[in-house]
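Any read-out appearing in this document is the output of simple, stated calculations on the displayed coordinates, not a laboratory observation. Treat the numbers as computed from the prediction; the structure is a model and nothing was measured. Ideal geometry is used to build each Cβ from the backbone, glycine not excepted, and the neighbour counts take in all protein chains shown.
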Amino acid sequence: MEREIRITNDGSKTLYIKDLNENYHSHHGALQEAEHVFIKNGLNLIYDSEINILELGFGTGLNVLVSINEYLKTDKNHTVNYFTLEKYPVSADEISQLAYDTLFINDNVAEMYQKIHAAEWEKPTEIIKGFTLTKFQCDFFDLESIKLPQINLVYFDCFGARVQPDLWEKPLFELVSDKMSTGGLLTTYSSKGSVRRILEELNFRVEKKQGPPGKREMINAVKF
């Protein structure tokens with residue numbers, strides 16, 4: 001897939017896929033979207049001593065980076081195991097051009113940014129003490145065969161239903177649900193009615209939340 005770097009409205013960059021006419025992040029602000037959907041309405045709502053995160057998908061690694069940045073702000077009385085899936089990894093040159101490490105104040109972010117992308121696939125890597133990343137290079141539907149601990153937080157960050165409708169239908173949500181613990185939270189930028197109905201059918205309590213800049217609503221869903 002041919003991709004190009006674009007600057008979003010908050011000054012952070014994203015990738016644009018020409019063939020799909022699709023951005024990896026909101027053009028209103030890549031960083032703002034990640035922090036709003038996956039930190040404010042995701043990580044910050046989980047209080048377990050061990051947080052197991054499942055992300056679909058890894059993409060540019062921005063969601064991992066904002067999660068680590070948030071972890072560094074805490075008293076670190078918990079651990080994070082972060083599992084992420086990606087079928088089409090971005091290149092080292094694209095990672096360098098995106099320059100996400102420059103968006104954060106912490107002096108160690110550049111080193112962590114490199115470590116995130118240098119981590120071997122299918123191999124747990126401790127990015128910082130207490131935060132371990134495992135990347136899987138695979139199709140999302142291969143999730144069924146991946147052995148994971150009980151997941152208590154899901155970052156559902158697939159490409160939009162306009163370009164990949166199968167990722168927003170019941171079969172994939174069933175696979176994700178099977179990996180989640182009771183009380184686990186799924187957060188996504190989407191607010192589609194069909195997604196809400198699927199999640200409710202799968203015994204999730206669905207709540208519409210205020211969306212990130214440029215989007216009116218998003219979804220939080222808790223598994224019961």
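Sorting the segments 3-12, 146-155 by their residues' average number of neighbouring beta-carbon atoms within 10 angstrom, most packed first, yields 146-155, 3-12. Taking the DSSP beta bridges with both ends in the chain, the antiparallel portion is around 45 percent. From the coordinates of this entry, Rg and Dmax of the Cα atoms in Å is computed, and it appears in [x] 16.6, 62; [y] 16.2, 45; [z] 18.8, 63 under the label [y]. Note on Asn106 and Trp121: the extension gain reaches 2.8 nm, defined as 0.36 nm multiplied by sequence separation minus the Cα-Cα distance. Each label point was placed 7 Å from the Cα along the Cα-to-Cβ direction; for Leu72 and Leu148 their separation is 2.6 nm.
Count Lys and Arg as plus one, Asp and Glu as minus one, and take only other residues whose Cβ is under 13 Å from that of Ile128; the net charge is then 0. Between Gln137 and Leu45, the simple label model (points 7 Å from Cα in the Cβ direction) yields a spacing of 3.4 nm. Prolate is the label for region 1-102, because the ratio a/c of its alpha-carbon gyration tensor axes (a ≥ b ≥ c) is 1.5 or higher and a/b is greater than b/c. Placing +1 on the Cβ of every Lys and Arg and -1 on the Cβ of every Asp and Glu, with nothing else charged, gives region 1-58 a dipole about its Cα centre of roughly 200 debye.
Ranked by the mean number of other Cβ atoms within 10 Å of their residues, highest first, the peptides 125-131, 32-38 come out as 32-38, 125-131.
Highest mean first, the peptides 13-20, 103-110 sorted by other C-beta atoms within 10 Å per residue fall in the order 13-20, 103-110.
Cross-link partners for Lys40 among the lysines, with Cα-Cα distance under 24 Å and sequence neighbours closer than 8 places in the same chain left out: Lys13, Lys73, Lys76, Lys129, Lys135, Lys179, Lys192, Lys208, Lys209, Lys215, Lys223. Counting only C-alpha contacts under 8 Å and six or more residues apart, can you give the relative contact order of the chain as a whole percent? Relative contact order for the chain comes out at 19 percent.
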